[in-house]
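Engineer: Pasting a structure here, questions to come.
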Amino acid sequence: METNNIRLTASSKAIKDTIQLTGSKSESNRALIIKALSKGIVEIKNLSEAADTVALENALLQAKNAGDAEVTVDIGPAGTAMRFLSAFLPLNAGTFILTGSERMKQRPIGILSDAMKSLGANIEFLENEGFPPLKITGPFEQESAEVSVKGNISSQYLSALLLISSSLPQGLKLTIEGDLTSRPYVEMTLDMLKETGIEHSWQGNQIHIAPQTPSPSTLFIEPDWSAASYWYSMVALAEEADILLPGLKPSSLQGDQEIKDIMLDFGVLSVFTAEGLKLTKIKGRKVKDSYNLISCPDLAQTVIVCCAALGYEVSFTGLETLKIKETDRILALQNELAKFGVRLYEAEKETYRLDCSKRSNPDTITIKTYEDHRMAMAFAPLALIFKELIIEEPEVVEKSYPLFWKHLEQVGFKIN
């Protein structure tokens, strides 16, 4: 199969412009489930244009119009859609085959499916136990209001359950077992529910949501901080920079806003103005020896690649969920960083460290994306370091940030 590549070069080491980011994919996907369960009472503004969000929106439309026929819902590589639909579809009348891409069939869903089955849902694994595709027959009669789920595998399992909880006849008491990974994403889910009038209590490791009806409301989706993170990396690697990202605010539901604190160490100053967030290049603070990304794992590739480009030999923790994402992101990073002599290795259990002692500066470097949007966008800023950067399968960015390459051209990158 012929690989589609782009060649990326930076015409200048200075970047200045205003970049209008799409709405947050994380907020948009939650908002779509909330709206569907509200039966039109809740509206959405500034919905993300990301392919994952479009896939979820189409799937919800399929479910709404299912009728008596068996419906196949194929969400491709959209991981959040798979998790949220696994909890949402059992509430709907009909029979659904929930499937996705080949990689999606390798991503575990057993913990969430088992939780739903313990509540009374009718879910079968059609191929491999604990993995998609699923056969879901609904609606189900709730047999229990209590469920326990491990907190260190994927916060999306917890969010999926919380999103449907107020629609269950008995509500839900969700016990989180062990440590909680990506806590800000769970908080985002609860905050968005609260915006529509759905109340909860969170005491210790238990979250309780009683059966209740949302209030007429509008969810406004703020711009995507995950998308903003790539601009932080570009500012860090540029010689001069002045980037305005309209609509971003200092108080955000998104955990990826942590990028503003991390990148201050790398010389990126964040200033919130009436127009939005302004990024400028300054002298960096002292880089820490270690960064814990447990609450913002989607920033991992951006931060690790940026550190490698700057020659920062630092350690990273909180990367436990990276192996079950769109690809094994640890392995993918190790493979691609090695192309310019940087080694990412496990220094001790669940602690990874960068070794830049043999870092090279090739004129041309080719980056494989592994069908992972974040690999493409995390490595793209390296065009400010190397003379020519080749990105394989650049269309993967459509998953979360469809205008990414267009925005790079806007600030002066040349793309062939």
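Engineer: Using amide H atoms built 1.01 Å from N in the peptide plane, name the residues 5+ places from residue 16, or on other chains, whose amide H lies under 5 Å from its own.
Structural biologist: Under 5 Å from the amide H of residue 16 lie the amide H atoms of 242, each far enough along the sequence or on another chain.
Engineer: If you don't mind, there's one more thing I want to ask. Explain nothing, just compute: Karplus ³J(HN,Hα) = 6.51 cos²θ - 1.76 cosθ + 1.60, θ = phi - 60°, for every residue of the range 6-16 in order, whole Hz, x for Gly and Pro.
Structural biologist: Along the range 6-16, the couplings run 10, 9, 10, 9, 9, 6, 8, 8, 10, 10, 9 Hz.
Engineer: Okay, moving on. Can you give the FRET efficiency for residue 213 and residue 103, using 1/(1 + (r/R0)^6), R0 = 41 Å, r = Cβ-Cβ distance, to the nearest 0.05?
Structural biologist: The calculated FRET efficiency here is 0.60.
Engineer: Determine the dipole magnitude for the chain: charges of +1 sit on the beta-carbon of Lys and Arg, -1 on that of Asp and Glu, nothing else is charged, the reference point is the Cα centre, and the result goes in debye to the nearest 20.
Structural biologist: Charge dipole, the chain, about its Cα centre: 900 debye, nearest 20.
Engineer: Give me the number: length gained by fully extending residue 416 to residue 111, i.e. 0.36 nm times residue separation minus the C-alpha to C-alpha distance, one decimal in nm.
Structural biologist: 105.4 nm
Engineer: Right, another one. Give me the accessible area of residue 208, 1.4 Å probe, in Å² rounded to the nearest 10.
Structural biologist: 60 Å²
Engineer: How much length is gained if the chain between residue 179 and residue 118 is pulled fully straight, taking 0.36 nm per residue apart and subtracting their Cα-Cα distance, in nm to one decimal?
Structural biologist: Details: separation 61, 0.36 × 61 = 21.96 nm, distance 2.18 nm.
Taking 0.36 nm per residue and subtracting the Cα distance, the gain is 19.8 nm.
Engineer: Further, regarding this structure: Once amide H atoms are placed 1.01 Å from N in the peptide plane, what residues at a sequence separation of 5 or more from residue 366, or on another chain, have their amide H within under 5 Å of its amide H?
Structural biologist: So residue 366 has HN proximity to 390.
Engineer: Suppose R0 equals 35 Å; then what is the FRET efficiency for residue 361 and residue 249 from their Cβ-Cβ distance, rounded to the nearest 0.05?
Structural biologist: 0.35
Engineer: Give me the percent relative contact order of the chain, please, defined on Cα pairs under 8 angstrom at least 6 residues apart.
Structural biologist: Normalised by residue count, the contact order of the chain is 20 percent.
Engineer: Return the calculated 222 nm mean residue ellipticity for the chain, to the nearest 500 deg cm²/dmol, obtained by summing -39500 (n - 2.57) across DSSP H runs with n ≥ 4 and dividing by the residue count.
Structural biologist: Mean residue ellipticity at 222 nm (helix-derived): -9000 deg cm²/dmol.
Engineer: Counting only other residues whose beta carbon sits under 10 Å from that of residue 22, what net charge do I get with K and R as +1, D and E as -1?
Structural biologist: So the environment of residue 22 carries a net charge of -1.
Engineer: Still on this structure, I have one more. Could you give log10 I(q)/I(0) at q = 0.17, 0.19 Å⁻¹ for the range 14-93, computed by the Debye formula over C-alpha point scatterers of equal weight, without solvent?
Structural biologist: Here log10 of I(q) over I(0) equals -0.67, -0.81.
Engineer: I've got another one for you. Return the sequence-ordered ³J(HN,Hα) values of the range 377-390 in whole Hz as given by the Karplus equation 6.51 cos²θ - 1.76 cosθ + 1.60 applied to θ = phi - 60°, using x for Gly and Pro.
Structural biologist: For the range 377-390, the Karplus-derived couplings read 7, 5, 8, 3, x, 5, 4, 7, 9, 9, 4, 9, 10, 9 Hz, x marking Gly and Pro.
Engineer: So, one more: Calculate, in nm to one decimal, what residue 283 and residue 220 gain on full extension: separation in residues at 0.36 nm each, minus their alpha carbon distance.
Structural biologist: Net length gain for the segment: 19.1 nm.
Engineer: Another one. Can you list the residues of the range 215-257 with backbone N under 16 Å from a point 7 Å past the Cα of residue 273, pointing along Cα to Cβ?
Structural biologist: Backbone N within reach: 241-250.
Engineer: Taking the range 297-373, which GluC sites (Glu not before Pro) meet the DSSP loop condition and have no more than 12 other C-beta atoms within 10 Å? Don't skip to the end; give the middle numbers.
Structural biologist: Numbers: sites: 313, 320, 326, 336, 346, 348, 350, 371; in loops: 313, 326, 350, 371.
Of the GluC sites (Glu not before Pro), the ones in loops of the range 297-373 whose Cβ has at most 12 other Cβ atoms within 10 Å are 350.
Engineer: Over the chain, with a Gaussian network built from C-alpha contacts below 10 Å, which listed residue (405, 231, 202) shows the highest mean-square fluctuation?
Structural biologist: Most flexible of the set in this elastic network: 202.
Engineer: Take every DSSP beta bridge with both residues inside the chain and express the antiparallel ones as a percent of the total, to the nearest 5. Spell out each step's value before the answer.
Structural biologist: Working: 42 of 68 bridges.
Once the DSSP bridges in the chain are tallied, antiparallel ones form about 60 percent.
Engineer: Whose amide H sits under 5 Å from the amide H of residue 78, counting only residues 5 or more places off or on another chain, with H placed in the peptide plane?
Structural biologist: 101
Engineer: Quick one: accessible area per residue over the range 60-160, 1.4 Å probe, rounded to a whole number of Å²?
Structural biologist: 40 Å²
Engineer: With a point put 7 Å past each Cα toward its Cβ, work out how far residue 202 is from residue 334 in nm, to one decimal.
Structural biologist: Each label point is offset 7 Å from its Cα along the Cβ direction, giving 3.4 nm.
Engineer: Ok, one more. Out of the chymotrypsin sites (Phe, Trp or Tyr not before Pro) in the range 307-342, which ones are loop residues according to DSSP with at most 11 other C-beta atoms within 10 Å?
Structural biologist: Nothing satisfies the criteria.
Engineer: Add +1 for every Lys or Arg and -1 for every Asp or Glu among the other residues with Cβ under 11 Å from the Cβ of residue 292, and state the total.
Structural biologist: -1
Engineer: Along its three principal axes, how long is the range 41-172 when you only count alpha carbons? Whole Å, largest extent first please.
Structural biologist: Extents along the principal axes, in whole Å: 37, 36, 34.
Engineer: Right, here's the next one. Using θ = phi - 60° and the Karplus form 6.51 cos²θ - 1.76 cosθ + 1.60, what ³J(HN,Hα) does each residue of the range 197-213 get, whole Hz, x for Gly and Pro?
Structural biologist: Once θ is set to phi - 60°, the couplings for the range 197-213 become x, 8, 8, 8, 10, 10, 10, x, 9, 10, 10, 10, 10, 7, x, 6, 10 Hz.
The values are calculated or read from the model by the stated rules, or taken from the named source; none is laboratory data. None of these values were measured; they are calculated from a predicted model. Every residue, glycine as well, gets a Cβ built from its backbone with ideal geometry; the counts of neighbours run over all protein chains shown. What goes into the accessible areas is simple: the full protein's heavy atoms, side chains included, and nothing from ligands, DNA or RNA. Shrake-Rupley method; radii C 1.70, N 1.55, O 1.52, S 1.80 Å.
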